[in-house]
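A short write-up of the structure that comes next.
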Amino acid sequence: MDIVVLVKQVPDTESLVQVADDGVSIKKQDIKWIMNPYDELAVEAALQIKEAQGGTVTILSLGPEKAIETIRTALAMGADQGVHINDPAAEGSDSLATAKLLAAALKDIPYELIIAGHRAVDEDNYQVASAVAELLGIPQVSMVNKVELTDGKITCHRTIEGGTVVVEASLPALFTTQRGLNEPRYASLPGIMKAKKKPVDVKTVADLGVDAALVGAANRKVKIKSLRLPPERQTVKMIEGEAASDKATALVKILHEETKII
Amino acid sequence: MAQGVFAITEQRDGELRKVSFETVSEGRRVADGLGTELTAVLLGSGVDGLAEELKKYGPDKILVADDAGLAEYTTDAYSNVLAELIQSSDPAVIIMGASAQGKDLAGRLAAKLDAGVAMDCVKVQLENGNLTYTRPMFGGKINADVEIEGAPQIVAIRPNVMDITEAAKNSAIEKPAVQLGEVKTAIVEKKMETDDKVELTEADIIVSGGRGTGGDYAGIEALADALGAAVGASRSAVDEGWRPHSDQVGQTGKTVSPTLYVACGISGAIQHLAGMSTSKYIVAINKDEEAPIFSKADFGIVGDLFELVPAITEEVKKVKE
């Protein structure tokens, strides 16, 4: 089965994020960049399917020069080839424009299945994968923590509030990953060596035939007016006391009388 | 020109979900601010009673798409029907919940309508006729103010954040004929956890445990029971296999905004803090007085959680009696 995995390079979740001087972007220096954690699950899922039934795994990513590192990481895990949409004109695209670029690239890549993270942990937009599925006219299942493939169909366990729904979709289809789906493998040393030789196609906006007036920071439909750190809380009030029961009594009194929660 | 506000509601198994009331209430505020009409939209099968219930929150109109094929949420049927309703009414603003359903639907609708989406908003502000949406990014490490160009503007609001306001109206109910369109997905099974379990993202109170529990959640569960709270967990607790993934709070888990968040034995890794920082009150219990969690808490207790949590549970029971 030919599988395409959509991946994005994002700041490490253990990184502090700070607002840049322009007030509408983040400081990019001093950040450690990683593969979006949900995309790691997607790469692993694709590799497991390939190992079970053959086929190819193609990594598709939109991002600046540096994003090649993330594509190489996926190749080192075992994916076969990469497509890197790398064009300054595409930088700063919002979710829908990103989806248009990815969908355009997917016209030239054979696939029966597309796997993506359910969100990227940078802008937390939750939209790119669904929009790609719509633009390609294929079904989608989001936030999947278990998946089975049987003759032309995919069965996905989709996590919802308080439970799971089992959704069947015809192929080709797209699904997005949720934690619990698998434990992503680490790239092995031989894998890392091999990844250096695996092909990565670089595409520009023009190569994809997408109108440059639809993409990039200047053409966002969702305009970022300002970024700021969340308001700081007042200094913590430490609850003192001799025994645990004294502290417990004092805390519950505050929660009951001051905050009126209990 | 596009005008009016759509509030897309959500039902499951014959009940409206709480986020629906938040969506309609916020829709009412936005529509009043813009001086325009609010239409509540309800999709389902045999949902007349639910439409009546929505009147309580004051929509001018309730559009009901009632079809056996809409009984369960499927991306294709719901997005096809909604796109059709939206295209025929041409609203300026569409509000929905940033729930499992809304997060699945938003991108699909955005692509169908070529519209911008502000996802998981915690605040909607109107100034000089312009709407600005505040949304956390990077799992809550940053707040962004965004505006959307063009129409419709799609806004998904974070569950449990917007106020629910009753403003009963004798809303007109319309039941247009709908086309499900091509549906390529089917629900084969639904497995719900026990009914009395409180869902994390909708919980008013969350008691969360981390590495400090050593995997023993009995005390935390007892406190959660006494408070009517949901149980959450830190990433390390989930990685240890002590709690299911669905309990994880943080940048790579669930983002929560309860009224009260009680963090027990959680040191406060930055990715965890990001996921719970919009809680109204935060209580931290940790044996290490230097733990970063205390810098984000309103109230802190240094001590052994195995002594403190049962003591707090006893106190809560006394107060509740």
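Rundown of residues vs (1) assigned to a helix (DSSP H, G or I); (2) more than 19 Å from the chain's Cα centre (by Cα); (3) surrounded by fewer than 20 Cβ atoms within 10 Å (Cβ to Cβ); (4) aromatic (Phe, Trp, Tyr), yes/no style:
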{"site": "A:Thr159", "(1), (2), (3), (4)": "no, no, no, no"}
{"site": "A:Val165", "(1), (2), (3), (4)": "no, yes, no, no"}
{"site": "A:Glu168", "(1), (2), (3), (4)": "no, yes, yes, no"}
{"site": "A:Thr176", "(1), (2), (3), (4)": "no, no, no, no"}
{"site": "A:Leu181", "(1), (2), (3), (4)": "no, no, no, no"}
{"site": "A:Tyr186", "(1), (2), (3), (4)": "no, no, yes, yes"}
{"site": "A:Gly191", "(1), (2), (3), (4)": "yes, yes, yes, no"}
{"site": "A:Lys197", "(1), (2), (3), (4)": "no, yes, yes, no"}
Matching residues, the stretch B:287-321, being touching a strand residue (DSSP E or B) at 6+ places or on another chain (Cβ under 6 Å) and loosely packed, with under 15 Cβ neighbours inside 10 Å: B:Glu289
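Rundown of residues vs (1) in contact with a helix residue (DSSP H, G or I) (Cβ under 9 Å, 6 or more places away or on another chain); (2) under 20 Å from B:Ile148 (Cα atoms); (3) more than 8 Å from chain B (Cβ to nearest Cβ), yes/no style:
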residue: A:Asp80; (1), (2), (3): yes, no, yes
residue: A:Asn86; (1), (2), (3): yes, no, yes
residue: A:Leu113; (1), (2), (3): yes, no, yes
residue: A:Val121; (1), (2), (3): yes, no, no
residue: A:Val128; (1), (2), (3): yes, yes, no
residue: A:Ala133; (1), (2), (3): yes, no, no
residue: A:Leu136; (1), (2), (3): yes, no, yes
Considering residues of the stretch B:253-276 that are within 10 Å of chain A (Cβ to nearest Cβ) and assigned to a loop (DSSP other than H, G, I, E, B) only, the residue farthest from the chain's Cα centre (by Cα): B:Ala269
Every residue in the stretch A:53-67 that is closer than 16 Å to A:Leu102 by Cα and out of contact with any strand residue (DSSP E or B) (no Cβ under 6 Å at 6 or more places or on another chain), please. A:Pro64
Please determine whether any residue of the stretch B:189-197 is surrounded by fewer than 24 Cβ atoms within 10 Å (Cβ to Cβ), in contact with a helix residue (DSSP H, G or I) (Cβ under 7 Å, 6 or more places away or on another chain) and at negative phi. no
Within the bounds of the stretch A:134-154, is there any residue that is under 12 Å from the mean Cα position of the chain (by Cα) and in a loop (DSSP other than H, G, I, E, B)? no
Have a look at B:Pro310, B:Pro244, B:Pro258, B:Pro292 and point out the one that is free of Cβ contacts under 8 Å to residues at least 24 places away in the same chain and outside the structural domain of B:Asn143 (by TED's automatic domain parsing). B:Pro244
Which of the residues that make up the stretch B:110-132 are buried (at least 22 other Cβ atoms within 10 Å of the Cβ) and either more than 8 Å from chain A (Cβ to nearest Cβ) or at pLDDT below 95 (or both)? B:Cys121
Matching entry among B:Ser246, B:Ser279 (being within 11 Å of another protein chain (Cβ to nearest Cβ), part of a loop (DSSP other than H, G, I, E, B) and at pLDDT below 95): B:Ser279
Residue within the stretch A:221-238 that is part of a helix (DSSP H, G or I) and either at pLDDT 95 or above or assigned by TED's automatic domain parsing to the domain that holds A:Ala42 (or both) present: no
Options B:Lys184, B:Lys103: the member that is in contact with a Ser or Thr (Cβ under 9 Å, 6 or more places away or on another chain), within 8 Å of chain A (Cβ to nearest Cβ), in contact (Cβ under 8 Å) with a residue 40 or more places away in the chain and surrounded by 23 or more Cβ atoms within 10 Å (Cβ to Cβ): B:Lys103
Residues (more than 22 Å from A:Leu102 (Cβ to Cβ), out of contact with any Lys or Arg (no Cβ under 7 Å at 6 or more places or on another chain) and hydroxyl-bearing (Ser, Thr, Tyr)) located in the stretch A:151-204: A:Thr155, A:Thr159, A:Tyr186, A:Ser188
Conditions: (1) within 12 Å of chain B (Cβ to nearest Cβ); (2) modelled with pLDDT of 95 or more; (3) buried (at least 22 other Cβ atoms within 10 Å of the Cβ). A:Thr13 meets all but one. Number of the miss? (2)
Going by the structure shown, is A:Val210 assigned to a loop (DSSP other than H, G, I, E, B), crowded, with 18+ Cβ neighbours inside 10 Å and in the same structural domain as A:Gly137 (by TED's automatic domain parsing)? yes
Of the criteria (1) hydroxyl-bearing (Ser, Thr, Tyr); (2) touching a helix residue (DSSP H, G or I) at 6+ places or on another chain (Cβ under 9 Å); (3) more than 9 Å from chain B (Cβ to nearest Cβ), which one A:Thr159 fails: (3)
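The values are calculated or read from the model by the stated rules, or taken from the named source; none is laboratory data. Remember, predicted model here, so these are calculated numbers, not experimental data. Every residue, glycine among them, receives a Cβ derived from its backbone with ideal geometry; neighbour counts consider all protein chains shown.
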